[in-house]
Every structure is written in C-alpha cells, then in structure tokens.
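Remarks on the structure that follows.
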Amino acid sequence: MRKNFGSKPWCYPQPVFILAAYDKDGEPNAMNVAWGGIFYDDQIAMCISANHKTTANILESKAFTVSMADKAHLVGCDYVGIVSGNKVKDKFKKAGFTHVKSEFVNAPIINELPMTLECKLVSYDPEKCTLIGEIVNVSSDESILDENGKIDPAKLQPITFDPVHNTYLAIGEKVGKAFGDGLKLR
C-alpha cells in the first residue's frame, strides 16, 4: 500500500549547496540552496529567487561558487540560509566563513568548505527562478582527498536536506559500486 502526498518538492538526496558571490564592492555573500544539481557535463542549475542578495551579486559579477555544505560546518551553512544578506551586512563573517578569490572566476571560495565548483553565469530566468552556471573548475582542499588524489566523500562528509522533516542528514556508508554491481544481471 502506498500513501499519496500530492505535489511536493521532495527528492532524496537533496544536496545542500552554499552559493557565494561578490557584490559590486568585492564583499562576499553566501546562501544555502537545496534545490539544484548538475544540468549538463559542465553546468549546474539552481532554483533561487530574484530577491536574494546573492542572486543580485551573481547577476552583477556574472560568476559564483557552489560549495558542498558539510557536517563540520552545519551551523554556519544553515545560518546563511536563515538570514538575508539584504538585512544582515556581515552574514558571511557571522557564519564563520573566510574566503579567497577563485583563480578562475570573480567569486569567493569559502575556505572552511573543502569542495567548491567555480562557475560562470550562463543564464538566469527570474520567472522560473532558474540559475544556470558553467562549471569552470572544481577545487578541493587536500584534506578530503584519498590516496589516489580523488575526493573522498567519507572525508568531505557532505550533508543532504530532508525536506519532509526539515533536517540535515550526513551522507552514509558506501553500499555498492556504480556502473559495476548491475553487471551481475547481464
């Protein structure tokens, strides 16, 4: 037996992305976004409304970064989703974030979040709240790399958003091999 809930924005997992961009004065701002994902091989799409300060900053600078929220920085990542940069001038700093400028785009890399996609603005549709960015570079802190120099999710400890219970969940254990385990059924 199944229970019907109607139309809801529920999907698992929903990554918790932290978008960051500079304003016209070079000050960073960040926001928490749960509705987004890879759009093409080199693009990411986000659902963000036009009234956000980060949206205005992205439209001005034509660039942004997308960092993966992680377990270690959950409080700061949640904070930038609660407080508006239009009302709290130093919300980036209050979240406990520091930054360096990306080598590839005019956007801040949040030092505390170890994995970041560095993006150029492709388009923004204010009616559909759809932001699309070209992924120019993916950077990571060496602390989350495995012995082969690849990102280790167990070290990154990304979190996901549970929209049903309004909670964050840590990514769990490895349970299988993609593009491998299904070969047993051939």
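For this structure, a couple of remarks:
- Here residue 73 passes the criteria (1) open to solvent by 70 Å² or more (accessible area, probe 1.4 Å); (2) under 24 Å from residue 144 (Cα atoms) except the one numbered (1).
- Within segment 125-146, the residues that satisfy the criterion of being part of a strand (DSSP E or B), touching a residue at least 60 places away in the same chain (Cβ under 8 Å) and open to solvent by less than 40 Å² (accessible area, probe 1.4 Å) are 131, 132, 133, 135.
- When segment 145-176 is filtered for residues that are farther than 18 Å from residue 116 by Cα and either in contact with a Gly (Cβ under 8 Å, 6 or more places away or on another chain) or among the charged types (D, E, K, R) (or both), the ones remaining, listed by number, are 147, 162, 173, 174.
- Count - residues of segment 110-124 that are part of a strand (DSSP E or B), open to solvent by 30 Å² or more (accessible area, probe 1.4 Å) and within 21 Å of residue 159 (Cβ to Cβ): 1
- Residues of segment 151-180 satisfying the condition of being among the polar types (S, T, N, Q), surrounded by 10 or more Cβ atoms within 10 Å (Cβ to Cβ) and part of a loop (DSSP other than H, G, I, E, B): 157
- Members of segment 80-109 that are under 11 Å from residue 29 (Cα atoms), out of contact with any His (no Cβ under 9 Å at 6 or more places or on another chain), open to solvent by less than 40 Å² (accessible area, probe 1.4 Å) and not hydrophobic (A, V, I, L, M, F, W, C): 91
The values are calculated or read from the model by the stated rules, or taken from the named source; none is laboratory data. These figures come from a predicted structure and were not determined experimentally. Cβ coordinates were reconstructed from backbone atoms using ideal geometry, including for glycine residues, and neighbour counts include every protein chain displayed. Accessible surface is based on the protein model in full, side chains and every heavy atom, while ligands, DNA and RNA are left aside. Shrake-Rupley method; radii C 1.70, N 1.55, O 1.52, S 1.80 Å.
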